[in-house]
1. Every residue in the range 63-72 that is in a loop (DSSP other than H, G, I, E, B), open to solvent by less than 90 Å² (accessible area, probe 1.4 Å) and within 22 Å of ASP43 (Cβ to Cβ), please.
2. Assess whether LEU49 counts as being touching a strand residue (DSSP E or B) at 6+ places or on another chain (Cβ under 8 Å), surrounded by 10 or more Cβ atoms within 10 Å (Cβ to Cβ) and not in a helix (DSSP H, G or I).
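The values are calculated or read from the model by the stated rules, or taken from the named source; none is laboratory data. All values derive from a computational prediction rather than experimental measurement. Every residue, glycine as well, gets a Cβ built from its backbone with ideal geometry; the counts of neighbours run over all protein chains shown. Note: accessible area is taken over every heavy atom of the protein model, side chains too, but ligands, DNA and RNA are not part of it. Shrake-Rupley method; radii C 1.70, N 1.55, O 1.52, S 1.80 Å.
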Amino acid sequence: PITPGELLCLGSSLAFSGLFYYMYRKKAKVVARIQEAPKLQVDDDLPALVSAAEGRCLPYVALEGIVLPAQAALTSHYHEGLQGVIQKLLLKEHRLIWNSLARSW
């Protein structure tokens, strides 16, 4: 005989397994799209390519080219000769949703 506690544990285990599998499959599709992204060079043809795209947006693209720092490049303390730059990020909110709990947009 199976006790109600065992049934509860089995049901919750199956529910969590289904949830985690769903999340795994969803993220696996995103990773596959990123891996299949076309590689473009940063050159004079790139603005024309972006403006010709639907919605003036390229969803997943790998850009290859030389990056120049605005001021001074960052140098690594751990690897000699390794330098990097910081990318400026711009976040645009396209849709505002009213949050009645916080009373804000």
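1. GLY65, PRO69
2. No; evaluated as a whole, the condition is false for this residue.
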